[in-house]
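Engineer: Here it is: the structure, laid out below.
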Amino acid sequence: MRNTLFIMLSALFVVSCTNKTRLEDECRYSKSQTSFCFWSPVAEQMLVNIYADDETDEAEQITLKKGSDNFWRATVRGNLDGKYYTVQSFQNGTWSEPAPGIFAKAVSVNGQRAAIIDLKKAVPEGWDKDQRPAMPDPTDIVVYETHLRDFTMSENSGIQNKGKFLALTEQGTTTSDGLKSGIDHLKELGITHLQILPMFDYGSIDETTLSKNRYNWGYDPVNYNVPEGGYSTNPYDPICRIREAKQMIQSLHKAGIRVIMDVVYNHTYNVMGCSLGRVVPLYFYRLNDDGTYANGSGCGNETASEQEMMRQYMIESVCYWAREYHIDGFRFDLMGIHDMETMRQIRSALDKIDPTILVYGEGWAAMTPKYPYEELAMKQFTYKMPRVGAFSDDIRNALIGSPFDHERGFASGKNDQQSKEALCFGLAGGIDYQSVADSETSNIQVPISNIQGWAGEPLQHVSYITCHDNYCLRDRIEVSAKDEDEPTKLRMNKLAQTAVLMSQGMAFLYGGEELFRTKLGIDNSFESPDSINIIPWENKQKYAELFEYYKEIIKIRREHKGLRLGSAELVRQHVEFPPTDNPSFIIYRIKDLEGIDNAKSLIVLLNGSAETVETPVPKGDYTVLAHNAEAQAIGLSKLPLDKISVAPYSATILAENE
Ligand code: CA
């Protein structure tokens with residue numbers, strides 16, 4: 001029965017989707033009238049309910065009229081400011097449950113009704129002057145990922161509005177030891193972009209019981225185009241969450257930090273509790289042959305980006321956030337569920353707003369999506385989506401081991417050729433790499449044999465070792481190298497992160513690693529309490545040396561263009577990996593840098609073993625930027641060298657002076 005319905009629906013959609021009306025025009029308010037517009041090609045009737053407030057069930061019901069473009073419209077005279085609406089559709093003899101429309105821009109508590117507001121009232125002071133911080137060179141990017149609660153809930157954060165958007169508007173905050181915290185900490189660390197775990201309205205936290213302080217990552221979208229109420233100081237006021245989200249973005253922009261949203265269009269919290277499922281049943285989701293919902297997300301459903309209006313919805317939604325909230329980038333959760341054409345169209349739509357807006361995502365799915373694999377935005381097809389990036393599990397697994405086992409990685413003493421080769425691949429930015437050995441350096445070969453390049457350009461390769469998923473770095477090293485002492489584990493931590501930051505790819509850090517955070521061995525902390533998820537600000541004093549190291553390594557990256565050449569062509573010209581017999585030792589050399597860098601060449605030596613490794617280096621006068629688990633962008637020392645000893649589990653970075 002259901003199968004038959006799906007076939008009928010598919011036939012309908014083929015002929016129906018030629019309109020260009022915007023989905024985001026669902027509710028247009030003015031003082032004298034409000035117009036409504038909802039898309040459905042399958043409804044036999046549609047109506048909008050207007051409520052005086054967000055509690056009463058009494059509603060004025062307005063019948064919508066269908067246009068030839070399958071948009072149903074009505075205009076209501078009078079000033080509806082402060083009222084609420086839901087939409088219902090009638091088909092197959094049944095009225096759907098009331099739902100906010102799919103493009104609600106303001107909602108009641110828990111997002112069950114859309115709110116009719118004057119969006120101009122939700123604008124913080126000075127918003128018209130808000131600007132994206134300058135980003136002259138995309139290779140400058142260092143992304144820092146965090147969750148609003150992780151970053152601020154600790155007693156020692158020194159932040160007043162803990163767990164709220166407003167937490168990231170507070171300036172001059174300090175830890176209990178008087179060290180910088182919050183926004184000032186991010187500036188001190190030197191990152192350029194803050195990636196915030198889902199901040200759109202999600203369903204797993206009851207916004208009416210916030211005092212219970214429950215925690216969730218938020219990968220369960222309800223209203224895609226509204227900020228989450230739990231992060232506002234008053235989720236009952238539809239304006240509050242919008243204004244406060246904008247205040248946060250404005251403050252970060254003032255601090256020179258760009259803001260990346262984590263977007264989750266690949267599935268919804270559930271189907272029938274969500275506008276996409278209620279208003280136009282079946283259309284926005286992929287279905288199995290038996291009519292059940294396909295589940296590539298592992299969360300019970302997967303959306304169908306290839307459907308014309310789902311694609312249009314995603315494009316309009318990101319553009320809305322970029323225009324209305326001045327968002328500077330989008331990280332697509334389970335991007336591999338979306339089709340490549342949608343990702344390309346998203347890229348091109350954002351380019352029209354500002355080409356410096358970032359687009360990247362997870363080039364994989366949780367389970368097998370119900371769509372032809374070769375059309376999906378999977379990691380291995382990244383080169384077919386110019387200027388869309390993908391997370392590199394290659395460099396991650398090479399450095400610290402795969403999340404599917406507890407083995408060590410290169411940085412924690414694995415000592416195998418495969419990890420070494422995968423790490424070299426990641427250092428070169430995931431591109432198809434060919435040796436450019438010339439006759440004078442004839443023994444140079446590239447030890448990259450087992451992975452096919454998937455990034456067209458190195459910045460499409462998101463270099464990282466940890467993010468909110470899986471173990472944080474300290475815990476990962478703990479489970480795979482538990483017998484080592486803490487000083488050794490700290491060396492492994494630094495070595496792994498050094499490789500990330502020396503990679504030609506785009507650098508990405510999980511917030512709190514610089515403060516040696518632990519999640520006490522919980523590798524999936526999506527709903528763990530704050531006690532597991534918080535960043536321990538007291539560690540900034542306790543592990544001050546680790547924080548300083550991170551800061552300096554970031555500085556070294558930012559001061560040396562040779563470490564982020566920015567194009568595949570330049571990487572092929574300048575990067576080489578002279579062979580070594582030791583699977584735990586990598587020589588990564590960036591040469592002939594005249595006119596590119598203030599160093600003639602850069603040499604990054606990575607030793608992932610417990611032994612000191614002595615290696616020759618081309619004779620020259622070098623500044624030592626990092627050595628024996630210490631780093632200084634201005635240089636630890638300056639000396640003529642022709643060989644150097646690289647200490648156990650550490651990186652040595654040399655800049656050859658002109
Ligand atoms: Ca919510």
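The values are calculated or read from the model by the stated rules, or taken from the named source; none is laboratory data. This structure is a prediction, so every number in the text was calculated from the model and none was measured. Don't worry about glycine lacking a Cβ; one is built from the backbone with ideal geometry, like all the others, and counts go over all protein chains shown.
Engineer: Out of contact with any Pro (no Cβ under 6 Å at 6 or more places or on another chain), more than 10 Å from the ligand (Cβ to nearest atom), closer than 25 Å to Asp469 by Cβ and at pLDDT 95 or above, is that true of Tyr236?
Structural biologist: Working: out of contact with any Pro (no Cβ under 6 Å at 6 or more places or on another chain): yes; more than 10 Å from the ligand (Cβ to nearest atom): yes; closer than 25 Å to Asp469 by Cβ: no; at pLDDT 95 or above: yes.
It is false that Tyr236 is out of contact with any Pro (no Cβ under 6 Å at 6 or more places or on another chain), more than 10 Å from the ligand (Cβ to nearest atom), closer than 25 Å to Asp469 by Cβ and at pLDDT 95 or above.
Engineer: In this structure, does Tyr231 turn out to be within 13 Å of the ligand (Cβ to nearest atom), surrounded by fewer than 24 Cβ atoms within 10 Å (Cβ to Cβ) and over 24 Å from Asp523 (Cβ atoms)? Quick ask: steps written out before the conclusion?
Structural biologist: Working: within 13 Å of the ligand (Cβ to nearest atom): yes; surrounded by fewer than 24 Cβ atoms within 10 Å (Cβ to Cβ): no; over 24 Å from Asp523 (Cβ atoms): yes.
Spelling it out, it is not the case that Tyr231 is within 13 Å of the ligand (Cβ to nearest atom), surrounded by fewer than 24 Cβ atoms within 10 Å (Cβ to Cβ) and over 24 Å from Asp523 (Cβ atoms).
Engineer: List pairs: first in the stretch 196-207 and without any contact (Cβ under 8 Å) to a residue 40 or more places away in the chain, second charged (D, E, K, R) and near the ligand (Cβ under 8 Å from one of its atoms), Cβ under 9 Å, 6+ apart or cross-chain?
Structural biologist: Ile205/Glu228
Engineer: With (1) closer than 20 Å to Asn223 by Cα; (2) surrounded by fewer than 15 Cβ atoms within 10 Å (Cβ to Cβ); (3) among the hydrophobic types (A, V, I, L, M, F, W, C) as the list, and Leu23 as the residue in question, which single condition is left unmet?
Structural biologist: (2)
Engineer: Is one or more of the residues making up the stretch 253-274 modelled with pLDDT under 95, on the phi < 0 side of the Ramachandran plot and part of a helix (DSSP H, G or I)?
Structural biologist: Within the stretch 253-274, not a single residue is modelled with pLDDT under 95, on the phi < 0 side of the Ramachandran plot and part of a helix (DSSP H, G or I).
Engineer: So, restricting to helices (runs of 4 or more DSSP H) that lie completely within the stretch 517-571, which ones have at least 1 residues that are of a type in the set (A, V, I, L, M, F, W, C) and crowded, with 21+ Cβ neighbours inside 10 Å?
Structural biologist: On the way: elements: 530-533, 539-542, 544-559.
Counting at least 1 such residues, we get 544-559.
Engineer: Hey, any hits in the stretch 195-207 for a residue that's hydroxyl-bearing (Ser, Thr, Tyr), more than 10 Å from the ligand (Cβ to nearest atom) and modelled with pLDDT of 95 or more?
Structural biologist: Taking the stretch 195-207 and keeping what is hydroxyl-bearing (Ser, Thr, Tyr), we get 202, 204.
The next check asks that each one be more than 10 Å from the ligand (Cβ to nearest atom); those that pass are none.
No: the stretch 195-207 contains no residue that is hydroxyl-bearing (Ser, Thr, Tyr), more than 10 Å from the ligand (Cβ to nearest atom) and modelled with pLDDT of 95 or more.
Engineer: So, one more: Which of the residues that make up the stretch 79-90 are in a strand (DSSP E or B) and over 18 Å from Leu23 (Cβ atoms)? Break it down stepwise before answering.
Structural biologist: Our first condition is that a residue be in a strand (DSSP E or B); within the stretch 79-90, this holds for 84-90.
Correct list: Tyr84, Phe90.
Engineer: Further, regarding this structure: Applying the selection to the stretch 619-637, what residues are in a strand (DSSP E or B) and either free of Cβ contacts under 8 Å to residues at least 24 places away in the same chain or more than 17 Å from Glu658 (Cα to Cα) (or both)?
Structural biologist: So the first thing to find is which residues in the stretch 619-637 are in a strand (DSSP E or B), and the list is 619-627, 630-631, 637.
Once the filter is applied, which keeps residues that are in a strand (DSSP E or B) and either free of Cβ contacts under 8 Å to residues at least 24 places away in the same chain or more than 17 Å from Glu658 (Cα to Cα) (or both), the stretch 619-637 yields Lys619, Ala626, His627, Glu630, Ala631, Ser637.
Engineer: Same structure, new question: Name every residue in the stretch 324-353 that is within 17 Å of Met135 (Cβ to Cβ) and in a loop (DSSP other than H, G, I, E, B), in order of residue number.
Structural biologist: Initial filter on the stretch 324-353 (within 17 Å of Met135 (Cβ to Cβ)): 326-331, 347, 350-351, 353.
Those that are within 17 Å of Met135 (Cβ to Cβ) and in a loop (DSSP other than H, G, I, E, B): His326, Ile327, Asp328.
Engineer: Leu179 - would you say it is aliphatic (A, V, I, L, M), over 23 Å from Gly273 (Cα atoms) and more than 10 Å from the ligand (Cβ to nearest atom)? So that I can check it myself, show each step before the final result.
Structural biologist: Working: aliphatic (A, V, I, L, M): yes; over 23 Å from Gly273 (Cα atoms): yes; more than 10 Å from the ligand (Cβ to nearest atom): yes.
So Leu179 passes the test.
Engineer: Which numbered condition in (1) at pLDDT 95 or above; (2) surrounded by fewer than 23 Cβ atoms within 10 Å (Cβ to Cβ) is the only one that Leu282 fails?
Structural biologist: Every listed condition holds for Leu282 apart from (1).
Engineer: Moving on. Check off (1) more than 16 Å from the ligand (Cβ to nearest atom); (2) without any contact (Cβ under 8 Å) to a residue 60 or more places away in the chain for Gln112 and give me the number that stays unchecked.
Structural biologist: Here Gln112 meets the rest and fails (1).
Engineer: In addition: Could you look through the stretch 388-431, keep only residues that are free of Cβ contacts under 8 Å to residues at least 60 places away in the same chain and part of a helix (DSSP H, G or I), and pick out the one that is nearest to Leu563 (Cα to Cα)? Steps first, please.
Structural biologist: The initial filter retains those residues of the stretch 388-431 that are free of Cβ contacts under 8 Å to residues at least 60 places away in the same chain, namely 393-394, 397-398, 402, 404-405, 418, 421-422, 425.
Still in the running and part of a helix (DSSP H, G or I): 393-394, 397-398, 418, 421-422, 425.
Details: Asp393: 20, Asp394: 19, Asn397: 21, Ala398: 19, Gln418: 23, Glu421: 19, Ala422: 18, Phe425: 14 Å.
Out of the qualifying residues, it is Phe425.
Engineer: From the list Ile249, Ile257, Ile242, which residue is in contact (Cβ under 8 Å) with a residue 40 or more places away in the chain, of a type outside the set (Phe, Trp, Tyr), closer than 13 Å to Ala106 by Cβ and away from the ligand (no atom under 13 Å from the Cβ)? Walk me through it before giving the result.
Structural biologist: Working: Ile249 fails: closer than 13 Å to Ala106 by Cβ; Ile257 fails: closer than 13 Å to Ala106 by Cβ.
Result of the check over Ile249, Ile257, Ile242: Ile242.
Engineer: Would you confirm, using the coordinates I've provided, whether Gly277 is within 30 Å of Ala52 (Cα to Cα) and either touching a residue at least 12 places away in the same chain (Cβ under 8 Å) or not hydroxyl-bearing (Ser, Thr, Tyr) (or both)? Can you show your working first?
Structural biologist: Values: within 30 Å of Ala52 (Cα to Cα): yes; either touching a residue at least 12 places away in the same chain (Cβ under 8 Å) or not hydroxyl-bearing (Ser, Thr, Tyr) (or both): yes.
Criteria met by Gly277.
Engineer: Of the numbered conditions (1) modelled with pLDDT under 95; (2) over 22 Å from Thr192 (Cβ atoms); (3) not acidic (Asp, Glu), Ser108 satisfies every one except a single condition; which is it?
Structural biologist: Every condition holds for Ser108 apart from (1).
Engineer: Continuing with this model, one more query. Here are some residues: Tyr265, Tyr224. Which one is of a type in the set (Ser, Thr, Tyr), within 16 Å of the ligand (Cβ to nearest atom), within 21 Å of the chain's Cα centre (by Cα) and outside the structural domain of Glu24 (by TED's automatic domain parsing)?
Structural biologist: Numbers: Tyr265 fails: within 16 Å of the ligand (Cβ to nearest atom).
Step by step, each of Tyr265, Tyr224 is checked, and only Tyr224 is of a type in the set (Ser, Thr, Tyr), within 16 Å of the ligand (Cβ to nearest atom), within 21 Å of the chain's Cα centre (by Cα) and outside the structural domain of Glu24 (by TED's automatic domain parsing).
Engineer: Just to be sure, is Arg77 within 16 Å of the ligand (Cβ to nearest atom) and in contact (Cβ under 8 Å) with a residue 40 or more places away in the chain?
Structural biologist: Values: within 16 Å of the ligand (Cβ to nearest atom): no; in contact (Cβ under 8 Å) with a residue 40 or more places away in the chain: yes.
So Arg77 does not fit the description; no.
Engineer: Looking at the stretch 265-279, which of its residues are small (Gly, Ala, Ser) and surrounded by 18 or more Cβ atoms within 10 Å (Cβ to Cβ)? So that I can check it myself, show each step before the final result.
Structural biologist: Restricting attention to the stretch 265-279, the residues satisfying the condition of being small (Gly, Ala, Ser) are 273, 275, 277.
Within the stretch 265-279, Ser275, Gly277 qualify.
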